[in-house]
Structure formats: C-alpha cells, structure tokens
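Report on the structure given below.
The values are calculated or read from the model by the stated rules, or taken from the named source; none is laboratory data. Small disclaimer: the values here were computed from a predicted structure and weren't measured. Counting neighbours? That spans all protein chains shown, and the Cβs are built from the backbone with ideal geometry, glycine included.
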Amino acid sequence: MEKRTFANPAINDAATFLKTSAETNGEYTLIEIDLGKSDGPPLHYHNAFSEKFQVQEGILYLQIGKDKKILKIGESVTVPPGTPHRFYNETNDPVKFHITLQPGHTGMENFIKIFYGLASDGLTDKKGKPKKFSHLAVALIISDSNAPGWMSVLSPIIRSVARRAKKDGTEKWLLDTYCS
C-alpha cells in the first residue's frame, strides 16, 4: 500500500492524503494536516486551485491577504485562486484540519512529499526550506506556489532554476526519491 502520511519535523506537522487527485478523477485533493505550534508556510498563492481549510480539532490561524482569521472546530474558509494566504498555529495545542484543493492537484501532492521528505532527510533548514535552491524551485513550480508582493520579483529566477533542474535530472531525482 502506498504511503499516505508524511511528517515534517522542521515545521512540526504531518500531512495525510485522505483523497488524492487521481482517486477523485481530478475533482479534488483532500489532505489532513496535524500542526503543532508553527509559523506555517510563508504568504503564498496558487493560480490553479482553491484551498478550503476546515478545522477538525483545535484552533487554526489563517492569514488571507492582510486579514487574519481564527477558525474553530467545524469552521471553514475557502481561499480562491490567486489570493495570498498562509496558515499557522500560535498555541502549544495541536490543530487538525482538512485542506481541500479544487480541482485536485498532483503537483501540490508531490510538493508535500518532496518538502516533507527533504526535511526528514535533513536536507532543509530549521524552518523547512530546502537547502538547495534547485529543490525549492522545482517544488514551487510543480505545486503552483507563488510569492506575492515584492517577493514576486524572484519568479523569473525560480522558473529558470526549475527549468535547469528539469534538464539536469534534479526534478526527476526528487520525484523518483520522494514521490514513487
């Protein structure tokens, strides 16, 4: 049976695939996240899918654009494509929540497998960012993760490094190592 739960010791969370894009014929991806106290990912956005965050246990903190939201059990928020967002946990109490990507997105599924695999193998910094810029670039491109605001000036560089990583076999290595 294929592994479905991936832990990321760097950012204190675990992701479990409840339904993959392949299992829903591309309709959606459903991921359960168990998050301890964490800053979570930096502010980012996706163009290819929306993300619905729904709390199962605990309290989830979300930033959507400049707005900050606190979600409790049973509450949910959908972040439309193109909207900068991040999630985090300010408390010492764990939070369990579901993320539904609509439509499903195999690239984001692989992003999680790659990032969490690199973190488990000690190939990220203590905040979970890959030590090799080529690994970061590949993961960002395949997941349709984009930086908002002034950070967007890095986008052409990230795309260029990801193209080079595809040509030199780095992307294939990441996919073969962490996603097969």
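Can we say residue 34 is touching a residue at least 12 places away in the same chain (Cβ under 8 Å), crowded, with 18+ Cβ neighbours inside 10 Å and more than 18 Å from residue 106 (Cα to Cα)? Yes: the conditions hold for residue 34. Among the residues of segment 63-91, the ones that are over 20 Å from residue 30 (Cβ atoms) and among the aromatic types (Phe, Trp, Tyr) come to 1 in all. Listed by position, the strands (runs of 3 or more DSSP E) contained in segment 7-111 that have at least 2 residues being over 21 Å from residue 127 (Cα atoms) and either of a type in the set (Asp, Glu) or modelled with pLDDT under 95 (or both) are 50-57.
The residue that is surrounded by the most Cβ atoms within 10 Å (Cβ to Cβ), counting only those in segment 134-158 that are of a type outside the set (Ser, Thr, Tyr) and farther than 25 Å from residue 29 by Cα, is 158.
Total residues in segment 92-104 satisfying the condition of being out of contact with any helix residue (DSSP H, G or I) (no Cβ under 8 Å at 6 or more places or on another chain) and within 22 Å of residue 28 (Cβ to Cβ): the figure is 8. The listed residues are 64, 59, and the only one of them that is out of contact with any Phe, Trp or Tyr (no Cβ under 6 Å at 6 or more places or on another chain), over 21 Å from residue 148 (Cα atoms) and of a type in the set (A, V, I, L, M, F, W, C) turns out to be 59.
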